Amino acid sequence: MKKRQQGAGVRHSKARAPTGARKPASKHPSAPGVCVLSVDCTIAESAALKASLLEVMHEPAQVTLDIAAVRRIDTAGIQVIAAFVRERESLGLQVEWRGTAQVFTSAARLLGVASVLRLPEQVS
C-alpha cells in the first residue's frame, strides 16, 4: 500500500511545517505573491492544494503560480487550479505563470483547460 504524503499541493512560507512534512503551499520568500506548486498535485493532495490556494485567493497583488516542481498532476489537481484561476479572474485579480512542467501543460491541454488557465504557449 502506498503511503499518502500529507500537505502536498502548493507551498507558502507563512506556515512552518514539522520537520519531514511537506507543506501544501509556499510563497517564494524573496518574491511576494509567488506560490510554488509541489511535486504532486493529485486527488490525494487536492484538499490541501485547495486550502493553500484559498489563502491567497483575495490577495490584491498579482499571484504567480510556479509550476517548475510539478512531476505528477491529475484531473483533480487541474480542476482545483482552474477553479482558483477562474475565481481570481472573476474578482478582477491576476494570476501569472512561472516555470515549466511538461506534465502540467500536457494535462491542461489534454483536459481542454489551457485557455481557462490562461497558460502562455511556453511558461517560463
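Please state which of the following conditions SER115 fails to meet, knowing it meets all the rest: (1) within 14 Å of the chain's Cα centre (by Cα); (2) surrounded by fewer than 16 Cβ atoms within 10 Å (Cβ to Cβ). With (1) within 14 Å of the chain's Cα centre (by Cα); (2) surrounded by fewer than 16 Cβ atoms within 10 Å (Cβ to Cβ) applied to SER115, the lone miss is (1).
Can you find even one residue in region 92-99 that is over 16 Å from GLY33 (Cβ atoms) and crowded, with 16+ Cβ neighbours inside 10 Å?
The answer is no; no qualifying residue exists.
For GLU45, the criteria (1) in a loop (DSSP other than H, G, I, E, B); (2) modelled with pLDDT of 55 or more; (3) more than 23 Å from GLU121 (Cβ to Cβ) hold in every case but one, which is (1).
Suppose we filter LEU53, LEU111, LEU65 for residues that are farther than 15 Å from SER38 by Cα and at pLDDT 95 or above; which single one remains?
LEU111
The values are calculated or read from the model by the stated rules, or taken from the named source; none is laboratory data. Bear in mind that the values here come from a model prediction, so they are computed numbers and not experimental data. Methodologically, a virtual Cβ is constructed for each residue, glycine included, from the backbone with ideal geometry; neighbour enumeration extends over all protein chains shown.
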